[in-house]
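Undergrad: Quick one: structure below, then a few questions.
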């Protein structure tokens, strides 16, 4: 399968524009990897992310990719909260990877919605698809501001993940120009560094927790998806701040992590995975 230019990226269902990359079939025998990513880290979710880090560590996962939002929903800056800064520094020192995750994670200053974007902005997400249709200059400015904030705080981030994995088709090219090493979609890990051209096809397990029917549907889907993923060499598990609050999701996350480790999957981060 060849990835050609001219398409846009929506939750990993599309191809990656501007890059001709060979898709790696994760059923090929290789080192088994478990990548757990903790999304939407910001001052308001500090306690929830800390609980997730501890929850995972108790089960043997001591490395994860933590996706930090610089100014979540136009609120407090990630760098302006000393308790959050200190916690993030501890996570980084312990071996967790920090990832730039949008800038505002909302659509307050986004273009007007169209029929083509309405599903992604109102149904698939709760008006959080920040990078879906931003003007190029605005997107570049937010990426630069996010990176500058990280650098000022001593936070190392080689990757960028768009909120809800939704981004305009030209974003990977901009990320490559800015020397980001990778990005991800729901279904792919996309390396961006010069000389790398292998896109890893692997769908992430993730949950929608904002309604009971969404939680139930997520659990049913993830049960079947994990049965398929456990036969490959890569399992991706994406968690959001409230996921552990719900017994159904907490039990399944516990089962997935324990089962993956028992089957020989080794915890790693996105940065480590693409650097191989």
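Undergrad: For the stretch 149-276, calculate the relative contact order in percent as a whole number, restricting contacts to Cα pairs under 8 Å that are 6 or more residues apart. Don't jump to the answer; show the numbers that get you there.
TA: Working: 130 pairs, mean separation 23.9, N = 128.
Value for the stretch 149-276: 19 percent.
Undergrad: Moving on. Taking neighbour counts of Cβ atoms within 10 Å as a proxy for exposure, in what order, fewest first, do 178, 167 appear? Working shown, then result.
TA: On the way: 178 13, 167 29.
Listed from fewest to most nearby Cβ atoms, that is 178, 167.
Undergrad: In addition: Sort out for me the Cα centre separation of the stretch 211-244 from the stretch 161-192, rounded to whole Å.
TA: Centre-to-centre distance over Cα atoms comes out at 22 Å.
Undergrad: What is the stretch 167-219's relative contact order, in percent, from Cα pairs under 8 angstrom and six or more apart in sequence? Before the final figure, lay out each step's value.
TA: Numbers: 54 pairs, mean separation 11.0, N = 53.
Relative contact order of the stretch 167-219: 21 percent.
We did not get these values from a lab; they are worked out from the coordinates using the rules stated. These figures come from a predicted structure and were not determined experimentally. Heads up, the Cβs are rebuilt from the backbone with ideal geometry, glycines too, and the neighbour counts pull from every protein chain shown.
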